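Beneath this line is the structure, given in structure tokens, with notes to follow.
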Amino acid sequence: MTQDGNLIEIKNLRMFFPVLAGVMRRKVADVRAVDDISFYIKKGETLGLVGESGCGKTTTGRCILQLYRISGGEVYFEGTDLTKLKGESLRRMRRNMQLIFQDPYASLDPRMTCGDIIGEPLLVHNLVKGKEYREQVAELLHMVELEPRMGVRYPHEFSGGQRQRIGIARALAVRPKFIVCDEPVSALDVSIQAQIITLLMRLREELNLTYLFIAHDLSVVRHISDRVAVMYLGKIMEVTHSDELYGNPLHPYTQALLSAVPIPDPSVDRKRKRILLTGDVPSPVNPPSGCHFHPRCSLAADACKEKEPELKDIGNEHWVACHRTF
Amino acid sequence: MSAIADKILEVKDLRTFFYVQEGELRAVDGLSYSVDKGECVGLVGESACGKSVSALSVMRLIPYPPGIIVGGEITFDGRDLLKVSEEEIRHIRGNRIAMVFQEPTTSLNPVLTVSRQLSESLELHRGLDKRASAEEAMKLLRLVGIPDAERRVSDYPHQFSGGMQQRIMIAMALSCNPALLIADEPTTSVDVTVQAQLLEIINNLRTQFGTAVIIITHNLGVVARYVDRVNVMYAGRLVESGPTDIIYGEPRHPYTVGLIASVPRLDLPRKRGLHVIPGLPPNLARLPRTICAFSPRCKYAIDKCKQERPALEQVGKDHYAACFRSSEVRELVEAG
């Protein structure tokens with residue numbers, strides 16, 4: 001079913017969460033968090049997923065990992081449709097896919113030592129025991145540039161950057177092929193961000209990993225990713241190579257996002273034109289008709305209000321969903 | 001002596017210490033800087049470098065115990081804030097000096113309507129009655145670009161998004177038309193699009209009302225376009241200070257160089273690696289005072305850096321740096 005060389009392939013993925021109301025908790029509406037999206041990630045590639053909060057990027061990541069029972073569509077991992085798996089076979093498959101969380105303060109159990117946190121997946125999946133277990137935990141700590149003797153400490157004894165390293169080590173414990181990095185650096189200082197990004201890039205080379213890198217900061221995403229997908233209100237607006245993203249953004253939303261990213265050089269930054277988006281992202285319970293972006297788009301025409309644009313390949317793996325691009 | 005009259009805030013040799021289990025923690029240790037009327041100053045540094053503590057010191061909001069302002073002078077509009085009475089400072093705080101905090105979600109009172117929170121300081125500082133303050137509150141919400149302000153003024157904070165909550169915080173800070181606005185990481189918890197909107201609002205209000213602004217941030221990229229002057233802090237002290245274009249164009253302290261280079265740049269071709277400042281910020285309670293605090297993380301450190309603490313010295317017009325090798329920094333960086 002899937003193309004050769006694609007580790008992950010997603011087809012028409014939909015994830016709706018019910019809105020319940022009244023005494024009977026009846027379903028009155030749907031939050032259309034992810035609304036019919038398709039994309040692929042090649043082996044060894046990093047796909048960046050950007051968008052504002054509430055656009056469905058985290059939900060997409062979790063749907064791939066089967067942390068939700070999806071509302072519709074298919075998710076292929078090395079040719080296997082994960083949505084058809086259950087119980088033990090899904091559990092075994094999960095070993096190949098891991099998740100790194102955004103908030104290193106909330107995602108580590110404060111009552112477990114750092115070594116236990118990192119080693120837990122090894123025990124859950126029954127991979128190693130005894131002396132070998134301790135050796136592996138030490139090796140994982142070393143891999144993320146922490147000292148093995150730190151394994152006995154508790155999370156509160158670490159700084160934010162170090163905690164994020166613990167989260168990474170835990171994700172690596174089961175030797176996954178694919179990792180979803182969900183805003184792994186947005187809670188950190190820029191200097192520490194640079195350290196974590198460098199670490200993730202080194203691990204990718206050494207362990208031959210494939211990443212889905214979710215973030216709202218385009219400069220960080222572009223730096224680490226081979227290709228970037230831009231999401232808005234449950235839809236993918238544009239997918240392109242990282243190098244082409246800055247030079248040739250075609251979707252008005254991508255252009256607005258890019259223009260909002262500051263450049264650390266006042267002589268350059270002051271000359272750039274800023275496209276300021278007004279207002280907030282509309283509610284995914286009742287998304288706008290036609291193109292979801294049209295109420296905030298400066299180029300919107302009548303067609304945009306009525307018909308939803310399709311994501312079209314315009315060559316060189318550059319996909320855009322916009323009526324006005326053509 | 002018009003130069004002095006133009007200063008709205010002057011901080012001189014400020015020292016704020018915290019007495020904790022580990023001992024004396026020198027959060028701010030000899031900090032001096034000034035802000036001119038209507039100027040926008042960036043205060044930049046990593047977490048725990050003392051940038052927030054220095055701002056709270058200006059507001060006299062340091063919790064005692066464990067914290068105490070040990071020494072220094074904070075001259076605001078000709079008066080030393082460290083010498084005025086508690087009652088006088090209450091009149092200045094929120095009125096003449098206002099502050100916007102990092103997390104709007106935790107800074108707003110969840111059980112009061114937005115209108116009530118906004119009118120509180122209007123009634124307190126400007127003596128408006130209930131009706132006038134409610135009207136003023138609405139005007140403020142419109143000013144910071146909250147759509148449909150008439151209807152939303154009676155909503156509660158949780159009914160707003162993070163970006164909108166931060167706008168409310170800004171509206172609240174500006175309600176008494178302060179002479180100085182301190183924004184402590186105002187955009188850290190929001191999306192880039194909202195970040196651009198918020199900074200644009202602060203900048204517009206500054207040009208409209210002539211408010212002086214201090215923006216505290218860890219990201220040198222964020223403020224490049226808005227600030228007139230950049231003060232870089234490390235371990236409770238200033239390590240570099242100068243006009244914006246010079247700080248970004250010809251930084252003279254290795255720490256500033258590192259901070260600028262750790263932000264990936266959209267406008268340049270992608271490189272394989274980022275410049276990384278190795279290690280972590282020092283533990284302020286265990287920091288020896290006889291060395292350059294940055295030397296353990298500095299790849300250009302020489303023996304002298306580990307024996308003496310460099311003072312802030314003039315290295316150019318209106319440009320100061322605290323580094324023994326400041327004259328060689330450019331060559332050192334180019335050599336790699």
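Quick notes on this one:
- Residue ID - nearest to the chain's Cα centre (by Cα), chosen from residues in the range A:132-156 that are in contact (Cβ under 8 Å) with a residue 40 or more places away in the chain and in a helix (DSSP H, G or I): A:M143
- Within the range B:319-334, residues that are free of Cβ contacts under 8 Å to residues at least 40 places away in the same chain have Cβ atoms under 8 Å from residues that are surrounded by fewer than 20 Cβ atoms within 10 Å (Cβ to Cβ) and assigned to a helix (DSSP H, G or I) in these pairs: B:F324/B:K304, counting only partners at least 6 apart in sequence or on another chain.
- Count - residues of the range B:142-191 that are in a helix (DSSP H, G or I) and not acidic (D, E): 21
- Options B:G221, B:G242, B:G210: the member that is buried (at least 24 other Cβ atoms within 10 Å of the Cβ), more than 9 Å from chain A (Cβ to nearest Cβ) and more than 16 Å from B:Q102 (Cα to Cα): B:G242
- Of all residues in the range B:171-201 being touching a Pro at 6+ places or on another chain (Cβ under 9 Å) and either at pLDDT 90 or above or more than 14 Å from B:P104 (Cβ to Cβ) (or both), the one that is surrounded by the fewest Cβ atoms within 10 Å (Cβ to Cβ): B:L199
- Of all residues in the range B:251-284, those satisfying the criterion of being in a loop (DSSP other than H, G, I, E, B), within 23 Å of the chain's Cα centre (by Cα) and under 22 Å from B:F324 (Cα atoms) are B:P251, B:R252, B:H253, B:I277, B:L280, B:P281, B:P282, B:L284.
- Some residue of the range B:99-106 being surrounded by fewer than 17 Cβ atoms within 10 Å (Cβ to Cβ), outside any helix (DSSP H, G or I) and not aromatic (F, W, Y): yes
- First in the range A:213-224 and at the interface with chain B (Cβ under 7 Å from one of its Cβ atoms), second anywhere and among the aromatic types (F, W, Y), Cβ under 9 Å, 6 or more apart: A:L218/A:Y246; A:V220/A:F213; A:R222/A:Y246
- Hey, A:V239 within 10 Å of chain B (Cβ to nearest Cβ) and crowded, with 16+ Cβ neighbours inside 10 Å or not: no
- Pair list, Cβ under 9 Å, 6 or more apart: the range A:262-274 residue more than 7 Å from chain B (Cβ to nearest Cβ), other residue surrounded by 15 or more Cβ atoms within 10 Å (Cβ to Cβ) and among the hydrophobic types (A, V, I, L, M, F, W, C): A:R272/A:I263
- For the range B:285-308, the set of residues classified as modelled with pLDDT of 90 or more, out of contact with any helix residue (DSSP H, G or I) (no Cβ under 8 Å at 6 or more places or on another chain), closer than 20 Å to B:L259 by Cβ and part of a loop (DSSP other than H, G, I, E, B) consists of B:A293 only.
- Among the residues of the range A:63-82, those that are buried (at least 17 other Cβ atoms within 10 Å of the Cβ) and either in contact with a Leu (Cβ under 8 Å, 6 or more places away or on another chain) or within 20 Å of A:Q3 (Cβ to Cβ) (or both) comprise A:C63, A:I64, A:L65, A:Q66, A:I70, A:G73, A:E74, A:V75, A:Y76, A:F77, A:L82.
- Unmet criterion (only one of (1) without any contact (Cβ under 8 Å) to a residue 60 or more places away in the chain; (2) under 24 Å from A:I197 (Cα atoms); (3) part of a strand (DSSP E or B)) for A:L7: (1)
- Of the numbered criteria (1) within 8 Å of another protein chain (Cβ to nearest Cβ); (2) more than 21 Å from A:R204 (Cα to Cα); (3) at pLDDT below 85, the one B:G258 fails is (3).
- Here the condition is being in the same structural domain as B:M169 (by TED's automatic domain parsing) and not small (G, A, S); of B:V28, B:V70, B:V11, B:V111, it holds for B:V111 alone.
- Restricting B:A132, B:A137 to those that are surrounded by fewer than 17 Cβ atoms within 10 Å (Cβ to Cβ) and not in a strand (DSSP E or B) reduces the list to B:A132.
- Of all residues in the range A:117-130, those satisfying the criterion of being surrounded by 16 or more Cβ atoms within 10 Å (Cβ to Cβ) and in a helix (DSSP H, G or I) are A:I117, A:I118, A:G119, A:P121, A:L122.
- Flag: A:V185 does not match the condition of being more than 14 Å from chain B (Cβ to nearest Cβ), within 26 Å of B:S189 (Cβ to Cβ), buried (at least 21 other Cβ atoms within 10 Å of the Cβ) and in contact with a helix residue (DSSP H, G or I) (Cβ under 9 Å, 6 or more places away or on another chain).
- Boolean, A:P249 is more than 18 Å from the chain's Cα centre (by Cα), free of Cβ contacts under 8 Å to residues at least 12 places away in the same chain, facing another protein chain (nearest Cβ under 9 Å) and not in a helix (DSSP H, G or I): no
- A:M201 of a type in the set (A, V, I, L, M, F, W, C), assigned to a strand (DSSP E or B) and within 17 Å of the chain's Cα centre (by Cα): no
The values are calculated or read from the model by the stated rules, or taken from the named source; none is laboratory data. What you see is a predicted model; the values in this text were computed from it and never measured. Note that we place each Cβ from the backbone using ideal geometry, even for glycine, and neighbour counts take in every protein chain shown.
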